[in-house]
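A quick write-up on the structure given underneath.
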Amino acid sequence: MPIYEYRCQHCKRKSSLFLRSFSSTVEPQCPHCGNHAMSRLISTFAVLRSEDDRLEALSDSSTFSDLDENDPRSIARWARRMGNEMGEDLGPEFDEMVDRMEAGEMPDEAESAPGDALSAGNDLD
């Protein structure tokens, strides 16, 4: 049961039309002005995936094809893509680190590896 978007050639407003089947042939009519001169638009769509599918896609080696571990901008693009794929807000610290990498700054060793800050001279004894 598709929903198609149309733009009225008369009033230039956009509207959606729900069809009961893909094979329906309905002449769309603008709900705003009643005109039949409607142009079909290309609509965006979403694909729902399970968490397992998302994690499997993240582990695909093709996601690393354009990654240059020596280029902070390349790492930032990869990190943003992975963050978006996770579908969760990773917090201001993540955003700040990625912003710094996009500006060309390579993160410090202590900041890049969790746990290293403790072993870098911060004794807990």
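For the reader, a short list of remarks on this structure follows.
- The ratio of the alpha-carbon radius of gyration of region 5-97 to the globular-protein estimate 2.2 N^0.38 Å is 1.73.
- Spin-label model, V26/S61: points 7 Å from Cα along the beta carbon direction are separated by 4.9 nm.
- Computed from backbone phi with θ = phi - 60° and the Karplus coefficients 6.51, -1.76 and 1.60, the 3J(HN,Hα) list for region 28-39 is x, 10, 5, x, 8, 10, x, 6, 9, 7, 10, 10 Hz; x is used for glycine and proline.
- Stretchable slack from V47 to M86, in nm (0.36 nm times residue separation minus alpha-carbon distance): 12.6 nm
- A simple charge model with +1 on the Cβ of Lys and Arg, -1 on the Cβ of Asp and Glu and nothing else charged puts the dipole of region 24-85 at about 400 debye relative to its Cα centre.
- Residue-wise HN-Hα coupling along region 41-51, computed from phi with Karplus coefficients 6.51, -1.76, 1.60 (Hz; x: Gly, Pro): 9, 7, 9, 7, 8, 10, 10, 7, 10, 6, 4
- Distance between modelled label sites at R54 and S39, nm, 7 Å Cα→Cβ extension: 3.6 nm
- Extension gain (nm, one decimal) between E96 and I3, 0.36 nm per residue minus Cα-Cα: 29.5 nm
Where a number appears in this text, it was derived from the coordinates with a stated rule and is not lab data. All of these numbers come straight from a predicted model, not from anything done at the bench. Heads up, the Cβs are rebuilt from the backbone with ideal geometry, glycines too, and the neighbour counts pull from every protein chain shown.
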